[in-house]
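Trainee: Got a structure here, written out as structure tokens. Questions coming.
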Amino acid sequence: MSGRPRLTLGIETSCDETSFAVVAGGREILANVILSQTDLHRRYGGVVPELASRRHVANVVPLLRAALEEAGVALPDVDLVAVTRGPGLVGALLVGVSLAKALAWALDKPLVGVHHLAGHIYANFLAFRGQGPAPEPVYPAVALVVSGGHTDLFRLDGGRVEWLGGTRDDAAGEAFDKIARELGLGYPGGPVIDRLAATGDPAAFPFPRAMLDDDSLDFSFSGLKTAVLYELERHGWRDPARRDELRARLPDLAASFQQAIVDVLVAKTLRAARQAGARHVYLAGGVAANRQLRRQLAAAAQEAGLGVSCPPPVLCTDNAAMIAGAGYAAWLRGRRDGLDLDVDPDPPLDECL
Ligand code: KG4
Ligand code: ZN
């Protein structure tokens, strides 16, 4: 291939979404096909790794075809293959990485393994075909990545991504999922709590805001989880006779829990932006779809004179367009992976963004 790749094929299978995307010029999404396995895992209250891998295996070929068809391109038109190399579930990652290697070899095209969190951040730099140009990155910036597995703050300046802080125990999305499971609200918990909270009073239950007053950029959400569980016990959640009474207060409980998480995420992100001399704040990851988080972060950033961006919800949760974009950016920086590319459940984030 001479010159820059025009079309990047993105592949994402790190958890419970199987996704394929075709991205032009690293920024314009021609197709982003996502098949969520939520229904498969719901009855277990969380992702079952072995089932996820098997479902990926069954779905990769039809979804690859669907993405190519939607983009209006043929497989040989692809110039670069980008795939999530980690973090994620090893068996699930292996499905995507094995297919990516087979395609790169058969098409004789370059291959790039992408760090999943670099992908989440890159979702801020994409645009859908026909919806105007993609936003230009603004530096220096701070990115908050909040997902089911991560709550991390990074500094971006166009060079190597710098980690500033992260959770010491549960990820924010994990806290949403665990509380929702306890309340019998199903999996994943974030969207349900987001919806319930819309009609609740966020000040109804005084839940703790952990590590808000220290200087660190770290987070802790396990104490909040315990506080909610304690509150449930106190109201006799396990007693069928009293359960209905508390059920009526679920919106208040959801709103108060969500507010405790959002307050800490927003305060720490703004602190990080101050310390890092940032001009802009980027939000990323599945929890970035949360409406209260988006609203509150936008208002706080604006008040602090900072720009703020959140990807559209469909690009917040796992998708292959973000992997194609971050893979393209990595290619431009000279990254090339061979057929010995391996999955890594917890790789270092050494991408430049
Ligand atoms: O990024 P993602 O799709 O997968 C991981 O890489 O983990 O994030 C999934 C997480 C789940 O924990 C889910 O409950 C959470 O994102 N989530 C939300 C919302 N939508 C998804 N959390 C809060 N509010 C939402 N609206
Ligand atoms: Zn993710």
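Trainee: Take the residues of region 287-300 that are in contact with a helix residue (DSSP H, G or I) (Cβ under 7 Å, 6 or more places away or on another chain) and over 26 Å from Ile34 (Cα atoms): which is nearest to ligand 2 (Cβ to nearest atom)?
Mentor: The selected residue is Leu297.
Trainee: Of the numbered conditions (1) acidic (Asp, Glu); (2) under 30 Å from Asp346 (Cβ atoms); (3) open to solvent by 10 Å² or more (accessible area, probe 1.4 Å), Glu28 satisfies every one except a single condition; which is it?
Mentor: (2)
Trainee: Quick check on region 192-203. Is at least one of its residues β-branched (Val, Ile, Thr) and touching a Phe, Trp or Tyr at 6+ places or on another chain (Cβ under 8 Å)? Full working, then the answer.
Mentor: Of the residues in region 192-203, the ones β-branched (Val, Ile, Thr) are 192-193, 199.
Now narrow it down to the ones that are touching a Phe, Trp or Tyr at 6+ places or on another chain (Cβ under 8 Å): 193.
Yes; the residues of region 192-203 include at least one that is β-branched (Val, Ile, Thr) and touching a Phe, Trp or Tyr at 6+ places or on another chain (Cβ under 8 Å).
Trainee: Within region 76-100, count every residue that is open to solvent by less than 50 Å² (accessible area, probe 1.4 Å) and either modelled with pLDDT under 95 or part of a helix (DSSP H, G or I) (or both).
Mentor: 8
Trainee: Testing Pro5 on (1) out of contact with any strand residue (DSSP E or B) (no Cβ under 8 Å at 6 or more places or on another chain); (2) away from ligand 2 (no atom under 15 Å from the Cβ), one condition comes back false. Which one is that?
Mentor: Checking Pro5 against (1) out of contact with any strand residue (DSSP E or B) (no Cβ under 8 Å at 6 or more places or on another chain); (2) away from ligand 2 (no atom under 15 Å from the Cβ), the one that fails is (1).
Trainee: Looking only at region 140-158, how many residues end up being more than 13 Å from ligand 1 (Cβ to nearest atom), touching a residue at least 24 places away in the same chain (Cβ under 8 Å) and open to solvent by 20 Å² or more (accessible area, probe 1.4 Å)?
Mentor: Residues of region 140-158 more than 13 Å from ligand 1 (Cβ to nearest atom): 140-143, 153-158.
Subsequent filtering for residues that are touching a residue at least 24 places away in the same chain (Cβ under 8 Å) retains 140-143, 153-156, 158.
Those left that are additionally open to solvent by 20 Å² or more (accessible area, probe 1.4 Å): 140, 155.
Number satisfying all stated conditions: 2.
Trainee: I've got another one for you. Based on this model, can you work out whether Asp244 counts as among the charged types (D, E, K, R), open to solvent by 10 Å² or more (accessible area, probe 1.4 Å) and within 16 Å of ligand 2 (Cβ to nearest atom)? First the steps, then the outcome.
Mentor: Working: among the charged types (D, E, K, R): yes; open to solvent by 10 Å² or more (accessible area, probe 1.4 Å): yes; within 16 Å of ligand 2 (Cβ to nearest atom): no.
No, not satisfied.
Trainee: Please give the number of the condition Leu40 fails out of (1) closer than 20 Å to Gly148 by Cβ; (2) at pLDDT 95 or above.
Mentor: For Leu40, the exception is condition (2).
Trainee: Any residue at all in region 331-341 that is under 29 Å from Val95 (Cβ atoms), away from ligand 1 (no atom under 16 Å from the Cβ), in a helix (DSSP H, G or I) and touching a residue at least 12 places away in the same chain (Cβ under 8 Å)? Outline the logic, then answer.
Mentor: Keep residues of region 331-341 that are under 29 Å from Val95 (Cβ atoms), which gives 331-341.
Then keep just the ones that are away from ligand 1 (no atom under 16 Å from the Cβ); that gives 331-341.
In the following step, the residues that additionally are in a helix (DSSP H, G or I) were identified as 331-332.
Filter again for touching a residue at least 12 places away in the same chain (Cβ under 8 Å), leaving 331-332.
Scanning region 331-341 turns up at least one residue that is under 29 Å from Val95 (Cβ atoms), away from ligand 1 (no atom under 16 Å from the Cβ), in a helix (DSSP H, G or I) and touching a residue at least 12 places away in the same chain (Cβ under 8 Å).
Trainee: In region 107-125, is there at least one residue being more than 17 Å from the chain's Cα centre (by Cα), in a helix (DSSP H, G or I) and either of a type outside the set (Ser, Thr, Tyr) or away from ligand 1 (no atom under 13 Å from the Cβ) (or both)?
Mentor: Within region 107-125 (the criterion being more than 17 Å from the chain's Cα centre (by Cα), in a helix (DSSP H, G or I) and either of a type outside the set (Ser, Thr, Tyr) or away from ligand 1 (no atom under 13 Å from the Cβ) (or both)), the answer is yes, since at least one residue qualifies.
Trainee: Could you list, ordered by first residue, the pairs with Cβ atoms under 6 Å in which the first is in region 2-13 and under 17 Å from Leu94 (Cα atoms) and the second is open to solvent by 10 Å² or more (accessible area, probe 1.4 Å), at least 6 apart or interchain?
Mentor: Close Cβ pairs satisfying both conditions: Glu12/Asp318; Thr13/Val95.
Trainee: For region 313-329, which residues satisfy the criterion of being open to solvent by 10 Å² or more (accessible area, probe 1.4 Å), out of contact with any helix residue (DSSP H, G or I) (no Cβ under 8 Å at 6 or more places or on another chain) and either among the aliphatic types (A, V, I, L, M) or farther than 16 Å from Glu351 by Cβ (or both)?
Mentor: First pass over region 313-329, keeping only residues open to solvent by 10 Å² or more (accessible area, probe 1.4 Å): 313-314, 317-318, 328-329.
Checking the rest, the ones that are also out of contact with any helix residue (DSSP H, G or I) (no Cβ under 8 Å at 6 or more places or on another chain) come to 314, 328.
Within region 313-329, Val314 is the sole residue that qualifies.
Trainee: Going by the conditions given, is Ala118 open to solvent by less than 20 Å² (accessible area, probe 1.4 Å), within 16 Å of ligand 2 (Cβ to nearest atom), among the aliphatic types (A, V, I, L, M) and closer than 16 Å to Asp346 by Cα? Walk me through it before giving the result.
Mentor: Values: open to solvent by less than 20 Å² (accessible area, probe 1.4 Å): yes; within 16 Å of ligand 2 (Cβ to nearest atom): yes; among the aliphatic types (A, V, I, L, M): yes; closer than 16 Å to Asp346 by Cα: yes.
Here the answer is yes, as Ala118 does meet what is asked.
Trainee: Taking the residues in region 177-190 that are surrounded by fewer than 19 Cβ atoms within 10 Å (Cβ to Cβ) and in a helix (DSSP H, G or I) as candidates, determine which candidate is nearest to ligand 2 (Cβ to nearest atom). Lay out the reasoning, then the answer.
Mentor: Step one: of region 177-190, the residues surrounded by fewer than 19 Cβ atoms within 10 Å (Cβ to Cβ) are 181-182, 184, 186.
If we keep only those that are in a helix (DSSP H, G or I) as well, we get 181-182.
Values: Arg181: 19, Glu182: 23 Å.
That would be Arg181.
Trainee: With the checklist (1) open to solvent by less than 30 Å² (accessible area, probe 1.4 Å); (2) touching a residue at least 60 places away in the same chain (Cβ under 8 Å); (3) not charged (D, E, K, R) in hand, flag the one item Gly166 doesn't pass.
Mentor: (2)
The values are calculated or read from the model by the stated rules, or taken from the named source; none is laboratory data. Computed from a prediction, not measured in an experiment: that's the story for all the values here. Note that we place each Cβ from the backbone using ideal geometry, even for glycine, and neighbour counts take in every protein chain shown. Only protein heavy atoms, including side chains, enter the accessible area calculation; ligands, DNA and RNA are left aside. Shrake-Rupley method; radii C 1.70, N 1.55, O 1.52, S 1.80 Å.
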